[in-house]
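Participant: My questions all concern the structure below.
The values are calculated or read from the model by the stated rules, or taken from the named source; none is laboratory data. All values reported here derive from a predicted model rather than from experimental measurement. In this analysis, Cβ positions are derived from the backbone assuming ideal geometry, glycine residues included, and neighbour counts consider all displayed protein chains.
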Amino acid sequence: MRPGGLRGFLKSLEDHGELKRVKAEVDWRHEVGAIMHEVNRQKGPAILFENVKGHHIPLLVGALTTIKRIAIALGLPPETPAREIIQEYKERVKRPIDPTIVSSGPCKEKIYYGKDLNLYAFPTPWWHELDGGRYIGTLHSVVCRDPETNWQNAAIHRVMIHDRQACGIYFAPGQHNAIIYSKYEQMGKPMPIAIAIGLDPVCLMASAAGFPAYVNEWVMAGALKKSSLELVKCETADLYVPADAEIVIEGEVPIGEKRDEGPFGEHPGYFGGFVVPRPVVKVKCITHRENLIFQGTYEGMPPNEDHMITFVNHSSLAWKMFEDIGFIGIKGINFPPGADPWLSAIISLEKRYEGHGIDASRALLASKIGLFVKHVVVVDEDIDIFDLENVLWAINTRFQARRIIITHLEHGSMLDPSKPLEWGGVTDRMVIDATWPMTHEFPPRAEWGGLRHPPTLKPSQDLLDRVRERWKEYGIT
Ligand SMILES: Cc1cc2nc3c(=O)[nH]c(=O)nc-3n(C[C@H](O)[C@H](O)[C@H](O)COP(=O)(O)O)c2cc1C
Ligand SMILES: [Mn+2]
């Protein structure tokens, strides 16, 4: 396994030539974002900005933008193909590993309260020129506890600085922390919150993953890491964060007090939704490591870091979800990173009955993983779901538009710009079941060897074997 924590991961990245240290002075205002736009376009390395204007704290961006760096994060050989990573991830999360509570840890090396609390102390970029402010929380973990069940939940939610001691947070509807916050609102009590920045990448992956309700993401981070995560208790709340976090911002989200948050360049590749009053985190305590490293991500055009993490998270967990519910016939799922994996999925199905594909899409759309997914394509198992032209070929040759399924007034992403802003999180959804039909209109036919559809053009196995045997003779390398 690779060495743990953000620092261990950085060392692994550096050992594999996947990290570039930038020593030139860069401006947190717009310049870092523009540099990352170019780095992402070039599929370049992770960048450690060592000289951010006005700061002495280094800034890490783009740690997980490529499948190679995700493999390194999971302690796999860097060249492991995506489909093997997905399979491995799916198997690891079947073996949850409880965290270990420790009495203290490096994240407590410095502790600040009162007038010493200053969110501007960190090299937070103003990522996109049109953003509403400086986003200190872009790739981190937000920890809350359900007041009803005591379940602790960790997730990524964007965090914008309002002033030295307050920041705004975006809990999308349907997210676990949004539901937990609504319970505090009902009780009329402020919600304790912890924002941990600079984490082992498995913590980030687990926080962004669609595990079901009542799952503690730190248990799943342990499963992904294949070892127990060390946690420490926060100074001001009954919340637990990774002991080796670089920074922990502790606070409370008051009830009834909201401040304008956004806009922000978001995962669909556009500016995100309305500027609306959203919950505010009042900072009570900040702890951090000595010689801390700050981390963020340049959100925006797919495929970037969010999309690569989400591609692996969703593709693994949706597949596992089908196994958990005993759903027959699923051969794999792809949430293509470059298409925005929050919005669409392709399911590979060994079809057993008419309507099987639609059932599969419904199970996915009803799960936590499908919270924002609006388009699902289902294909037979002979189609390569990672080859989008092959998927389109299936749609073109096995599907008729009259079989499309469109539903209205469903839950979707507020950030999807294809619908009026006023719709908020409401969306239409579409399922294209491009598997061969099995209805009475498509009876098995003798001329097709008893199939309901014409055979795919491919020489018989016997003929192919004979040709392959003679391959050297042909002199075609
Ligand atoms: C980089 C990144 C940024 C994200 N930003 C937000 C956000 O601002 N608000 C939000 O509700 N979800 C955001 N998400 C998605 C959630 O983290 C994800 O859906 C997660 O599963 C939610 O946690 P939960 O399953 O415990 O509800 C983001 C994900 C990533 C990878
Ligand atoms: Mn959760």
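Participant: Scan (1) aliphatic (A, V, I, L, M); (2) within 15 Å of ligand 2 (Cβ to nearest atom); (3) surrounded by 24 or more Cβ atoms within 10 Å (Cβ to Cβ) for the single condition Ala178 breaks and write down its number.
Facilitator: (3)
One line per residue, one yes/no per condition, for (1) surrounded by 21 or more Cβ atoms within 10 Å (Cβ to Cβ); (2) over 30 Å from Asp238 (Cα atoms); (3) touching a helix residue (DSSP H, G or I) at 6+ places or on another chain (Cβ under 8 Å):
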residue	(1), (2), (3)
Asn51	no, yes, no
Gly62	yes, yes, yes
Ile67	no, yes, yes
Ile72	yes, yes, yes
Arg83	no, yes, no
Ile86	yes, yes, yes
Ile101	no, no, no
Ile111	no, no, no
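Participant: Here is a further query. Tell me, which strands (runs of 3 or more DSSP E) lie completely within region 79-179 with 2 or more residues that are in contact (Cβ under 8 Å) with a residue 24 or more places away in the chain and farther than 28 Å from Lys68 by Cβ? Before you say what the answer is, go through the steps one by one.
Facilitator: Working: elements: 110-112, 135-137, 140-145, 152-155, 159-163, 166-169.
Correct list: 110-112, 140-145, 152-155, 159-163, 166-169.
Participant: If we scan region 388-411, do we find a residue that is under 12 Å from Ile346 (Cβ atoms), within 21 Å of the chain's Cα centre (by Cα) and in the same structural domain as Ile346 (by TED's automatic domain parsing)?
Facilitator: yes
Participant: Could I ask something else about it? Against the condition in the same structural domain as Glu235 (by TED's automatic domain parsing) and in contact with a Gly (Cβ under 6 Å, 6 or more places away or on another chain), how does Gly168 come out, does it pass?
Facilitator: On the way: in the same structural domain as Glu235 (by TED's automatic domain parsing): yes; in contact with a Gly (Cβ under 6 Å, 6 or more places away or on another chain): no.
Criteria not met by Gly168.
Participant: Sticking with this one: Quick check, is Lys183 among the basic types (Lys, Arg) and part of a loop (DSSP other than H, G, I, E, B)? Step through it out loud before you land on a result.
Facilitator: On the way: among the basic types (Lys, Arg): yes; part of a loop (DSSP other than H, G, I, E, B): no.
Spelling it out, it is not the case that Lys183 is among the basic types (Lys, Arg) and part of a loop (DSSP other than H, G, I, E, B).
Participant: For region 181-213: of the residues being surrounded by fewer than 15 Cβ atoms within 10 Å (Cβ to Cβ) and within 10 Å of ligand 1 (Cβ to nearest atom), which is nearest to Trp319 (Cα to Cα)?
Facilitator: So, considering only residues that are surrounded by fewer than 15 Cβ atoms within 10 Å (Cβ to Cβ) and within 10 Å of ligand 1 (Cβ to nearest atom), the one nearest to Trp319 (Cα to Cα) is Pro212.
Participant: On to the next question. For region 291-334, what are the residues that are buried (at least 24 other Cβ atoms within 10 Å of the Cβ), touching a Pro at 6+ places or on another chain (Cβ under 6 Å) and under 16 Å from Leu388 (Cα atoms)?
Facilitator: Selection gives Phe311 alone.
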